[in-house]
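Report on the structure given below.
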Amino acid sequence: MFDIYNIVGLILTLSILYLSANKYHRLLKLERLENVGASPEEYNAYDKRLRLECILLIVIMGIATIVSQFFKILTVAAVMLILGIIFKIIIDKCCPIPK
């Protein structure tokens, strides 16, 4: 049955786990850019893009958690795939990497 506390708990748990993993990954990626000697514009574009990807993945996981309470897992996987593709297109349009 629908349990709002269970959903909120799952979303918070997934968010905390992902944020801690993503912070480490983002810092490593940005450190590599510094070592390569990337321009400040490129560095800032990558930083903005990685932050946006982190937020959107948490949104996708939250939506999947809510949808999983009502539908079968195949439907949840399809929704996550569609949202992932849509958000990837949005990120590519909003935050292009300067060349």
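The values are calculated or read from the model by the stated rules, or taken from the named source; none is laboratory data. Computed from a predicted structure; not experimentally measured. Quick reminder, even Gly has a Cβ in these numbers, built from the backbone with ideal geometry, and neighbours come from all protein chains shown.
When you check Ile82 against the structure, is it at pLDDT 75 or above and surrounded by fewer than 15 Cβ atoms within 10 Å (Cβ to Cβ), yes or no? Spelling it out, Ile82 is indeed at pLDDT 75 or above and surrounded by fewer than 15 Cβ atoms within 10 Å (Cβ to Cβ). Looking at this structure, is Ala38 at pLDDT below 80, surrounded by 11 or more Cβ atoms within 10 Å (Cβ to Cβ) and in a loop (DSSP other than H, G, I, E, B)? Yes.
Residue count for region 41-72 satisfying the condition of being aromatic (Phe, Trp, Tyr), in a helix (DSSP H, G or I) and modelled with pLDDT of 75 or more: 1.
Is there a residue being over 30 Å from Asn6 (Cβ atoms), touching a Cys at 6+ places or on another chain (Cβ under 6 Å) and in a helix (DSSP H, G or I) anywhere in region 76-98? No, every residue in region 76-98 fails to be over 30 Å from Asn6 (Cβ atoms), touching a Cys at 6+ places or on another chain (Cβ under 6 Å) and in a helix (DSSP H, G or I).
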